[in-house]
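Written out below as structure tokens is the structure these notes cover.
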Amino acid sequence: MTTTTAAESRFDTARQIADAVLFEGYVLYPYRASAAKNRLRWQFGVLVPPAWGPAHREHALQQTEILMEPKGEAVLTVELRFLHAQRRTVQQALNGGGFADVAELHLDDRVLVPWDEGAEERVELTVPVAELAEGEAVLPFRRPAREETEPVLGPDGRCLGRLVRRTEEVEGAVRLRTTELDGPYRVVKLTAVVENTSPWTPAATGPADRDAALPRSLVAAHLLLGLDTGSFLSMTDPPEWAKGAVASCVNRHTWPVLAGEPGRADVVLSSPIILEDHPAIAPESAGAMYDSTEIDEILALRTAALTDQEKREARGTDARAAAVIDLADSMPPEVLERLHGAVRSLREITGPDPALDLVDLGLPEPGGPGGAGGLRDPDAVFRPDTPWWDPAGADTVDPVPDHALVDGTPVGVGGRVLLRPGPRRTDAQDLFLHGRAARVEAVLHDVDGGVHLAVTVEGDPGADIRREQGRFLYFQPDEVTPLEDA
């Protein structure tokens, strides 16, 4: 068993996806340390010290199990990647010499604040598959504690302060073993376990809080696996003969997917975030924005609209946040326009669909008159000149109804309704409006025929502002009850 970088080129495509996993949620819009959602961090793939995990329902290990078909003298390459949290404090230079910790250090272009940075770590190894059949292979690793300082200089070169980065010791191990399975083909089950083996205990350093455990944790831990000869089997779409063996695989706190280029099965990414086989970064994406709950276009526009002071705070929070600010500020119009949207999954349906009742649609039955071979008459299928998703196909002639039927009563603009949001509502705050009276501001119809009532809540002091900005609350007809006008 040896360490190597021979699989660098093979892992290139998978590593792009792994980077998105590694830095998922690393720093969220508006990219400032002071933002509430940036105060609770490191949510994915965190392997904590064993002495701290069980009592706090966090895990010290993750296990990947996947099937592979090695050929000849196949060699397995493994790359563990994780973030090592390093605590950054800010110190200001004192007039009499020395430094003192401060909450903020103001510079011309940024405001430096204390922050936990994530340093990327890798553990690499290769091992012949045949050796794993003889017994478990274990690679322990250790990253020592260290402290580094970085001077902060002003425009004139004068020292204004310094950044102090402290990193705690972290220890772990990668364990590999294989089991040959019975079946019509030679299939091997690979078990790969990553665990935090740090001897740290909470009592040794003070309060047992998560902030104390994180610097000693493997954050966003994930594995890249590669075979030089042979292939892995998909866990989500295995061949029929392997479905039983795939079902027997136990994956704990991680999920393996095929991650090489489409058509290849020699690289696997085992990620704490569930992905599909052959995931890919959208070609329209101009760069990492670390916030997958938002759309790149929205993030770019909102980031560019931050005030100068907010941008200074973001730049001082983290180097990656500063890169996002610079990206948004320098994005050319043609790149921003490219983010506006893309359609990837449209296809033409040319054959009969067994899920449709051809008789009810007025089409010839398969094998019946005019239906030789079961093919539809292309003239019998409605084909609009432009599809519904094309803006050119928008119908601007036919008027849409200006009211909706609610319990058999027409309700239009200006009507009053009682709000009764149902259990399907995804916004929990809507439940607080249950039983409140509201006024209908608009009746909207979507392309699928759905009806939505735009309303403002009676007694809401911000109702006038909502009307001016067109920012309403939306409910469907079965979520309201008509009220008689006062």
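Read the figures in this text as sums done on the coordinates, not as results from a lab. These numbers come from a predicted model, not from an experiment. Note: ideal-geometry Cβ built from the backbone for every residue, glycine included; neighbour counts use all protein chains shown.
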- Give, as a single signed number, the net charge of other residues whose beta carbon lies under 14 Å from the beta carbon of residue 334, with Lys and Arg counted +1 and Asp and Glu -1. -2
- Item | Convex hull of Cα atoms in the stretch 209-315, direction-averaged projection (nm²) | 11.0
- Item | residue 99 paired with residue 175, simple spin-label distance in nm, labels 7 Å along Cα-to-beta-carbon | 4.1
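Equivalent-ellipsoid semi-axes (√(5λ), Cα gyration tensor) for the stretch 143-242, whole Å, largest first? Please report the intermediate quantities before stating the final value.
Numbers: eigenvalues 415, 83, 26 Å².
Semi-axes, largest first: 46, 20, 11 Å.
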- Item | Computed E for residue 405/residue 460 - FRET, C-beta separation, R0 25 angstrom, nearest 0.05 | 0.45
- Approximate spin-label separation residue 280-residue 431, in nm, with each point projected 7 Å along Cα-to-Cβ: 4.1
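Only sites in a loop by DSSP and with at most 12 other Cβ atoms within 10 Å count here; which GluC sites (Glu not before Pro) in the stretch 91-140 make the cut?
On the way: sites: 104, 117, 120, 121, 124, 131, 134, 136; in loops: 104, 136.
For GluC sites (Glu not before Pro) across the stretch 91-140 that sit outside H, G, I, E and B with at most 12 neighbouring Cβ atoms in 10 Å, the list reads 136.
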